[in-house]
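Since the structure comes first, as structure tokens, the remarks are kept for the end.
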Amino acid sequence: MTVTITEEQREAADNLRESMRIFNDAIRMAAYRGLHVEVKLIQMHRTEGPTPVPQVDVLAKL
């Protein structure tokens, strides 16, 4: 079975990949500089249906 994606979907996927690369780099940099970073995925319940939302907590390591 072949799945064809639209140009909009391809652009959205590319944007998401780039965003995640930047996000991961930022977490690594924060950890390198002495911060404790915790990322959780929480579910928001909306009229459109459940939506996963990342929650980021950052604490200084003392």
**Report entry** Verdict on residue 27 being open to solvent by less than 80 Å² (accessible area, probe 1.4 Å), at pLDDT below 95 and assigned to a helix (DSSP H, G or I)
**Finding:** yes
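Can you tell me which residues in segment 23-40 are of a type in the set (A, V, I, L, M, F, W, C) and either in contact (Cβ under 8 Å) with a residue 40 or more places away in the chain or closer than 13 Å to residue 56 by Cβ (or both)? I'd like the intermediate steps shown before the answer.
Start the filter on segment 23-40 by keeping residues that are of a type in the set (A, V, I, L, M, F, W, C), which leaves 23, 26-27, 29-31, 35, 37, 39.
Within segment 23-40, 23, 26, 27, 30, 31, 35, 37, 39 meet the criteria.
Considering 20, 44, which residue is free of Cβ contacts under 8 Å to residues at least 60 places away in the same chain, touching a Ser or Thr at 6+ places or on another chain (Cβ under 9 Å) and open to solvent by less than 100 Å² (accessible area, probe 1.4 Å)?
After ruling out the rest, the residue left standing is 44.
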Query raised in the report: Within segment 47-62, can you find the residues that are touching a strand residue (DSSP E or B) at 6+ places or on another chain (Cβ under 6 Å) and either open to solvent by 100 Å² or more (accessible area, probe 1.4 Å) or of a type in the set (S, T, N, Q) (or both)?
Result: 51, 55, 59, 61
Query raised in the report: Among the residues of segment 1-17, which ones are open to solvent by 100 Å² or more (accessible area, probe 1.4 Å) and of a type in the set (D, E, K, R)?
Result: 7, 8, 10, 11, 17
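The values are calculated or read from the model by the stated rules, or taken from the named source; none is laboratory data. Keep in mind it's a predicted model, so treat the numbers as computed, not measured. Methodologically, a virtual Cβ is constructed for each residue, glycine included, from the backbone with ideal geometry; neighbour enumeration extends over all protein chains shown. To get the accessible areas, we keep the full protein, side chains included, count just its heavy atoms, and leave off ligands, DNA and RNA. Shrake-Rupley method; radii C 1.70, N 1.55, O 1.52, S 1.80 Å.
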